[in-house]
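Participant: The following block contains the structure, expressed as structure tokens.
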Amino acid sequence: MDRPTSPAPRSLVHLAFAAIAALAAGCSGTASGGAGDAPADPLADPYGSGKRVHELVGPATWSNPDDRDSVSCKVPANVQVHITGATVIAVDRFDETGDGALGNIYVQDSLDDRPPYSGVTVFAPSFAPPDLHLSAGDVADLIGDYQEFLGPVSGPFSFCHTLPEMGGAMTFRFDTRPVAPKTIPITDLRSYDTARKWLGSLIRVENVTLVSDATPDSKKRCNVPIDVGGGISQGDQPKISNELFDLDCAAGTKLTAGTKLKSITGVLTYFYSFNIAPRSADDVVL
């Protein structure tokens with residue numbers, strides 16, 4: 001899913017923005033040597049006038065605690081949307097299973113104090129231009145289909161739980177600093193309804209205790225359950241996962257049952273249960 005790096009499109013974008021800004025300043029009489037009053041209208045939002053992610057994603061009102069097998073879910077239909085000014089927080093370039101499990105892009109609203117529901121997973125996007133190569137910190141626009149993914153046909157998620165995701169085209173707007181994670185209470189991960197608020201977002205939880213040893217499965221997926229308090233089923237136990245980074249899950253590592261972490265940072269993902277996916281070793285603080 002990676003695209004070759006091509007600096008030319010970014011240079012052209014920056015030149016275009018500079019030319020538009022200079023033209024606007026000259027026409028308004030505020031450019032060097034110009035005359036006239038400053039424009040009364042505020043400058044256009046550099047993040048664009050499209051929807052923000054948190055205006056699109058919201059509570060899963062169709063979630064049904066009585067429908068374990070998700071046979072009567074009233075999941076909303078797919079809609080075409082245009083999102084502008086979303087910041088890339090991670091690009092999945094780690095194929096943990098060795099069978100092409102990479103390519104997702106995670107974006108969230110470009111706000112310092114992000115409200116709930118500000119993140120979304122971008123599944124198998126296309127790019128304009130086709131050789132665009134996005135990285136964390138890039139600000140992009142998206143146009144395509146938004147859906148509440150109910151899970152694979154072979155086995156949907158339980159209780160009508162869904163994953164908000166988009167497919168479609170991404171275009172580069174500008175680059176900026178990578179966003180800081182939002183520290184959330186670890187108790188938010190105890191239920192689907194409270195954890196959904198942070199899906200697709202970069203989060204941090206502190207004072208984390210591992211429930212069991214880190215052990216890869218037959219497909220080399222590594223999921224390490226974390227303690228969020230009692231009263232939840234084993235299937236609902238949130239985990240640290242190796243979706244974005246090669247966690248050391250070999251026997252004898254420091255990721256063993258009872259290990260206490262000062263903090264864990266990562267993208268909150270969902271696939272039958274919630275996972276915190278660190279991006280590098282720096283995201284796991286012992």
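Participant: Students often forget the sequence filter, so: which lysines lie under 18 Å Cα-Cα from Lys260 once same-chain residues fewer than 8 apart are removed?
Facilitator: Those lysines meeting the cut-off are Lys239.
Participant: Within the set of other residues whose C-beta is less than 12 Å from the C-beta of Val228, count the net charge using Lys and Arg as +1 and Asp and Glu as -1. Please report the intermediate quantities before stating the final value.
Facilitator: Values: positive: Arg190, Lys239; negative: Asp188, Asp227, Asp236.
Neighbourhood net charge equals -1.
Participant: Which residues in region 217-259 have a backbone N closer than 20 Å to a point placed 7 Å from the Cα of Asp282 along the Cα-to-Cβ line?
Facilitator: Within reach of a label on Asp282: 241-248.
Participant: Could the peptides 257-267, 66-76 be put in order, highest first, of the mean number of other beta-carbon atoms found within 10 Å of their residues?
Facilitator: Taking the mean over residues of other Cβ atoms within 10 Å, the ranking is 257-267, 66-76.
Participant: If you don't mind, there's one more thing I want to ask. Hey, could you get me the Stokes-Einstein D for region 182-285, Kirkwood radius over alpha-carbon pairs, 10 °C and 1.306 mPa s, rounded to whole µm² s⁻¹?
Facilitator: The diffusion coefficient I find is 118 µm²/s.
Participant: By how many nm would the segment from Lys260 to Asp113 lengthen if fully extended, with 0.36 nm per residue of separation less the alpha-carbon distance?
Facilitator: Numbers: separation 147, 0.36 × 147 = 52.92 nm, distance 2.80 nm.
Extending this stretch completely gives an extra 50.1 nm.
Participant: Of the listed pairs Lys219/Lys262; Lys51/Lys74; Lys197/Lys220; Lys51/Lys220; Lys220/Lys254, which have alpha-carbon separations greater than 27 Å here? Spell out each step's value before the answer.
Facilitator: Numbers: Lys219/Lys262 29 Å; Lys51/Lys74 24 Å; Lys197/Lys220 29 Å; Lys51/Lys220 38 Å; Lys220/Lys254 18 Å.
Pairs exceeding the cut-off: Lys219/Lys262; Lys197/Lys220; Lys51/Lys220.
Participant: When a/c is below 1.5 the answer is rounded, else prolate if a/b is larger than b/c, else oblate, so apply that to region 53-175 with a ≥ b ≥ c taken from the square roots of the Cα gyration tensor eigenvalues.
Facilitator: Verdict is prolate for region 53-175.
Participant: Additional query: Based on the Kirkwood radius over alpha-carbon pairs, what value in µm²/s does the Stokes-Einstein equation return for the translational diffusion coefficient of region 71-139 at 4 °C and 1.567 mPa s?
Facilitator: 91
Participant: In nm², what is the average projected area of the convex hull enclosing the Cα atoms of region 142-200?
Facilitator: For the Cα atoms of region 142-200, the hull's average projected area reads 5.9 nm².
Participant: May I ask for the net charge around Arg177, where only other residues with Cβ less than 14 Å from the Cβ of Arg177 are counted and Lys, Arg are +1 while Asp, Glu are -1?
Facilitator: -3
Participant: Okay, next question. Net charge around Tyr47, counting only other residues with Cβ within less than 14 Å of its Cβ (Lys, Arg = +1; Asp, Glu = -1)?
Facilitator: -3
Bear in mind that the values in this text are calculations on the coordinates, not laboratory data. If you're wondering where the values come from, they're calculated on a predicted model, not measured in any experiment. With ideal geometry, Cβ positions are generated from the backbone for all residues, glycine too; neighbour counts draw on all protein chains shown.
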